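Before any comments, here is the structure.
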Ligand SMILES: Nc1ncnc2c1ncn2[C@@H]1O[C@H](COP(=O)(O)OP(=O)(O)OP(=O)(O)O)[C@@H](O)[C@H]1O
Ligand SMILES: [Mg+2]
């Protein structure tokens, strides 16, 4: 995306929070997506980290504690 100014980052997970209301109306969406992500992460003891630079882009990371992670079991062929 276009990158997110630092002052908006702490508010992105608030329900219905959208940076640009007019453009958001064109692109659709409810403003609930990241609020839901944060709640799901909390249920897993995980943390949602958002890093962003205006004009460059954003990185959204879910960081899980080691005891909530296990190796994926390979599916039998
Ligand atoms: N990758 C991104 N780059 C720039 N801004 C973003 C990005 N992701 C989210 N945002 C900003 O954060 C706001 C909240 O995002 P969120 O995902 O919670 O809602 P949404 O995408 O507007 O709607 P939806 O409920 O469909 O996900 C967005 O409206 C947008 O302003
Ligand atoms: Mg979204």
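Between residue 43 and residue 30, what length in nm is gained on full extension when 0.36 nm per residue of separation is reduced by their alpha carbon distance?
Contour length minus the Cα-Cα distance gives 2.5 nm.
How much mean residue ellipticity at 222 nm does the chain get from its helices, if each DSSP H run of length 4 or more adds -39500 (n - 2.57) and you divide by all residues, to the nearest 500 deg cm²/dmol?
-6500 deg cm²/dmol
Extension gain residue 16-residue 61, at 0.36 nm per residue separation less the Cα-Cα distance, in nm?
14.1 nm
For the stretch 6-68, what number results from the quotient of the Cα radius of gyration and 2.2 N^0.38 Å?
1.23
Please build a GNM for the chain, connecting alpha carbons under 10 Å apart, and tell me which residue among 62, 12, 34 fluctuates the most.
So, out of 62, 12, 34, the one fluctuating most is 62.
Measuring from centroid to centroid over Cα atoms, what is the spacing of the stretch 39-63 and the stretch 1-17 in Å?
Centre-to-centre (Cα) distance: 11 Å.
Given contacts defined as C-alpha pairs under 8 Å and at least six residues apart, what's the relative contact order of the stretch 6-68, whole-number percent?
25
Along Cα→Cβ, 7 Å out, is where each label goes; now give me the distance between the ones at residue 9 and residue 68 in nm to one decimal.
So the two model labels end up 2.1 nm from each other.
For the chain, find the longest principal axis of its Cα atoms and tell me its angle to the long axis of helix 33-43, 0 to 90°, nearest 10.
For 33-43 against the chain, the angle is about 30 degrees.
Only the coordinates and a few stated rules stand behind these numbers; no lab work does. Being a predicted model, the structure only gives us computed values, none of them experimental. With ideal geometry, Cβ positions are generated from the backbone for all residues, glycine too; neighbour counts draw on all protein chains shown.
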